[in-house]
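Shown next, in structure tokens, is the structure this report addresses.
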There are 2 protein chains.
Amino acid sequence: MVVGPGLIGGSVAAALKQAGCVGKVIGVSRQATTTSAALDLGLIDEVADLVTATQQADVILLATPVRATRSLLEQIKPHLLPHTVITDAGSTKADVLADALEVLGDQAVQFLPGHPIAGAEKAGPEAAFAELYRDRIVILTPHKNNTAPIRQLITQMWEACGARVMLMSAADHDRVLASVSHVPHFLSSVFMWQVASAPDADVRLHVAGSGFRDFTRISAGSAEVWRDIFLSNREAMLSELQQVRQAFEQAETALLETDETALYEFLEKAALARRLWGSRSGLE
Amino acid sequence: MVVGPGLIGGSVAAALKQAGCVGKVIGVSRQATTTSAALDLGLIDEVADLVTATQQADVILLATPVRATRSLLEQIKPHLLPHTVITDAGSTKADVLADALEVLGDQAVQFLPGHPIAGAEKAGPEAAFAELYRDRIVILTPHKNNTAPIRQLITQMWEACGARVMLMSAADHDRVLASVSHVPHFLSSVFMWQVASAPDADVRLHVAGSGFRDFTRISAGSAEVWRDIFLSNREAMLSELQQVRQAFEQAETALLETDETALYEFLEKAALARRLWGSRSGLE
């Protein structure tokens, strides 16, 4: 059962169907257009409301904006079967875990938070595809109550989608993701906002080239989704932003003081790190 | 004649040869490996030293790091034929123009500064290709001494490479490029540097995904080239960085104060501007 069969949830459904390791996929959504599109596209087999679907589900995947999770868990709880395992695909984990422990109580044992590091600019079931998670990393953040069979089940689910599963604590996840996902989105958006707000924005944007294109691509993402991510991971974000600001000021000072050596060293360290990452990550 | 037949200069040579609108291309480089590779790849027809090449050239394209321009002009001046037109491909223009006016004196009429907005991560003649400038913008920054035939000649040269030529003042060029090219490189490098310097850099980089890839791609560029660009365009850069820092702080404050509306509005403005740019620029 997938709550929110859009890009993220729909791609999981498509991948599991393609791998032949799922019986029936029930789709649930606030928006009837989402479930009907997912049904037409063959991502899901059936549409149901949250309660009806919960009463039949072996696995529940919450693939909604992260701030909807708490309310969904509250609605699911009274109808949750003892054998059902719940997981999510939210971009932050400490807040989701805290909500789950509070809302589900003893049943929190049945909830294992997760986060697939994959996405695309487009949203919705039309954008979903079975290969989205191929060779991508999925982070699971098990808590002490999760049993080994539950970890195995969710690990196997993601591996069937072609993903590589990593385990870490929710706090580590949030710090690491603040750094390599949320801060880049923040910086890219701040920059895009500043350019678009300039009096001569038209000329600037006319001249912008491929470097600008790559650097700003993520800023086109959903404002609603990213506002929620920023707020959900507020503390880790603020801490990382402080580090980034220090680095910014150090580099700015080197430029102000025409410090050629410092400028070169900073640029060279960044360039070497990026080239090494490019050759190792397989994402080039 | 191309001084520096690497990615930028070699691609011009390749495009002009492909368009059939150039007789003989002479390549000049400090580094013998560059000219011999360019010769092997058919980008240039002949290798010569700067003086010999200058004595035969109708058009001289300086495609070297921007800080080498002044010294090259000093070496070229005594041997410059009256009909020869010099242009360059440097990323900053006010400093190049000032150098040219000072070094060339009356002969500065023969120099028309230019900047093709195109590039790639790889450098050197091996990376050159005739299509590099296809549908890309080339900015020319003519000064009052340039005659109409000189403007036409250099405009035609770039149009033969498939580029779209824009004219603006050197000061406008530098401000606009600081904004849409130099600042993104600065931010991308600052961020990459900060991540690579973190105690847990390994985990961070392991988890980094496609958003990180796009956002940091430009930071892999040559530290030497970008240090020189930053220093050559120092004042415009510092002025833009001040604007970016204000935008950064405004967004950071919104996050600190959990100001959902301000966060949403900033992200939405950035997202809309980026989506509009994507659909208009043809660079998606």
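Just so you know, the Cα atoms of segment B:1-112 work out to an Rg and Dmax of 13.1, 38 Å. Normalised by residue count, segment A:191-284 yields a Cα convex hull volume of 159 Å³ per residue.
P(r) tail for segment A:209-253: Cα pairs beyond 11 Å make up 73% of the total. The long axis of helix A:7-19 is offset from the longest Cα principal axis of chain A by roughly 60 degrees. The mean count of C-beta atoms from other chains within 10 Å of the C-beta of residues in A:173-186, rounded to a whole number, is 6. Against chain B, whose longest principal axis comes from its Cα atoms, helix B:223-232 is set at around 90 degrees. Inter-chain neighbour count for A:246-252: the average number of beta-carbon atoms from partner chains within 10 Å of each residue's beta-carbon is 6.
Among residues of chain B, the one whose beta-carbon sits closest to the B-to-A rotation axis is listed with its distance in Å as B:ASP214, 2. Quick check: from the Cα gyration tensor, does segment B:128-284 come out rounded (a/c under 1.5), prolate or oblate? Because a/c hits 1.5 or more and a/b exceeds b/c, segment B:128-284 counts as prolate. Taking the centroid of alpha carbons for each part, segment A:1-51 and segment B:133-151 are 56 Å apart.
Annotation: chain A has a Kirkwood hydrodynamic radius of 20.6 angstrom, from the mean reciprocal C-alpha pair distance. Across segment A:12-55, the convex hull enclosing all Cα atoms gives 65 Å³ per residue. Over all projection directions, the Cα-based convex hull of segment B:109-182 averages an area of 5.5 nm². What you get for the protein assembly as shown, charging only the Cβ of Lys and Arg (+1) and of Asp and Glu (-1), is a dipole of about 800 debye around the Cα centre. When the P(r) is computed for the protein assembly as shown, the part past 46 Å accounts for 25% of the Cα-Cα pairs.
Entry for segment A:37-165 at q = 0.09, 0.13 Å⁻¹: log10 I(q)/I(0) = -0.25, -0.54, Debye formula applied to identical alpha-carbon scatterers, no solvent contribution. Listed from fewest to most Cβ neighbours within 10 Å, the set A:ARG164, B:ARG280 follows the order B:ARG280, A:ARG164.
Remark on B:GLY90: its backbone amide H falls under 5 Å from those of B:GLY114, a criterion applied only to residues 5 or more positions apart or on other chains, H modelled at 1.01 Å from N. Taking the charge dipole of segment B:2-168 about its Cα centre, with +1 at Lys and Arg Cβ atoms and -1 at Asp and Glu Cβ atoms, the residue from B:THR35, B:ALA130, B:LEU101 reaching farthest to the positive side is B:LEU101. Once the Cα atoms are used to define both axes, helix A:260-281 deviates from the longest principal axis of chain A by about 30 degrees.
Across the copies of the chain, B:ASP40 has label points (7 Å from Cα along Cα→Cβ) spaced 5.6 nm apart, shortest distance listed first. Label-to-label distances for A:GLN246 across copies, nearest first, come out at 2.7 nm, using points 7 Å from Cα in the beta-carbon direction.
The same position B:ASP200 in the other copies lies at 4.4 nm from this copy, comparing label points 7 Å beyond Cα toward the beta-carbon, shortest first.
Every read-out reported here was derived from the displayed coordinates using simple, explicitly stated rules and does not represent laboratory data. Everything numeric here is computed off the predicted structure, so don't read it as measured data. FYI the Cβ positions are ideal-geometry reconstructions off the backbone, even for glycines, and counts take in every protein chain you see.
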